[in-house]
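Student: Here it is, the structure in full.
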Amino acid sequence: LDHLKINQTAIVRRLDPQTGGEVLMSKLADMGLYPGKKVEVLFKAPSGDPIAIDIEGYTLSLRKFEASLIEVVEE
């Protein structure tokens, strides 16, 4: 997810629990990030951190590290 450009959409393929840990993966899933969800990158700070994404009308801000744990398939 961290490699997508602004206004680019994708579908969440999987979350990487080995790198992020189960607690973080559970937290991301609770926020609506789980396989099959469509996401759109709304904003990236000049440094690339944070990243704001849209999940079905809900705006979520993620750290670049968190976004790197989310594998997506571009639309």
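The values are calculated or read from the model by the stated rules, or taken from the named source; none is laboratory data. All values reported here derive from a predicted model rather than from experimental measurement. So basically every Cβ, Gly included, is an ideal-geometry build from the backbone, and we count neighbours across all protein chains shown. Protein only, heavy atoms only, side chains kept; ligands, DNA and RNA dropped before computing areas. Shrake-Rupley method; radii C 1.70, N 1.55, O 1.52, S 1.80 Å.
Student: Do you know which residues across the stretch 10-45 are open to solvent by 90 Å² or more (accessible area, probe 1.4 Å), touching a strand residue (DSSP E or B) at 6+ places or on another chain (Cβ under 6 Å) and charged (D, E, K, R)?
Tutor: To start, the set of residues in the stretch 10-45 that are open to solvent by 90 Å² or more (accessible area, probe 1.4 Å) comprises 13-14, 18, 22-23, 27, 30, 34, 38, 43.
From what's left, touching a strand residue (DSSP E or B) at 6+ places or on another chain (Cβ under 6 Å): 13-14, 38, 43.
Within the stretch 10-45, 13, 14, 38 meet the criteria.
Student: Ok, one more. For residue 67, indicate whether it is at negative phi and in contact with an Asp or Glu (Cβ under 9 Å, 6 or more places away or on another chain). Show your work before the answer.
Tutor: Numbers: at negative phi: yes; in contact with an Asp or Glu (Cβ under 9 Å, 6 or more places away or on another chain): yes.
In short, yes.
Student: Which number in (1) touching a helix residue (DSSP H, G or I) at 6+ places or on another chain (Cβ under 8 Å); (2) exposed (fewer than 14 other Cβ atoms within 10 Å of the Cβ); (3) in contact (Cβ under 8 Å) with a residue 60 or more places away in the chain; (4) of a type outside the set (Ser, Thr, Tyr) marks the one condition that residue 48 misses?
Tutor: Residue 48 satisfies every listed condition except (3).
Student: I'd like the full set of residues that are open to solvent by 10 Å² or more (accessible area, probe 1.4 Å) and under 8 Å from the mean Cα position of the chain (by Cα), limited to the stretch 51-68.
Tutor: Passing the criteria: 66, 68.
Student: Keeping to the stretch 56-75, report how many residues are free of Cβ contacts under 8 Å to residues at least 24 places away in the same chain, of a type outside the set (Gly, Ala, Ser) and under 14 Å from residue 9 (Cα atoms).
Tutor: Within the stretch 56-75, residues that are free of Cβ contacts under 8 Å to residues at least 24 places away in the same chain, of a type outside the set (Gly, Ala, Ser) and under 14 Å from residue 9 (Cα atoms) number 1.
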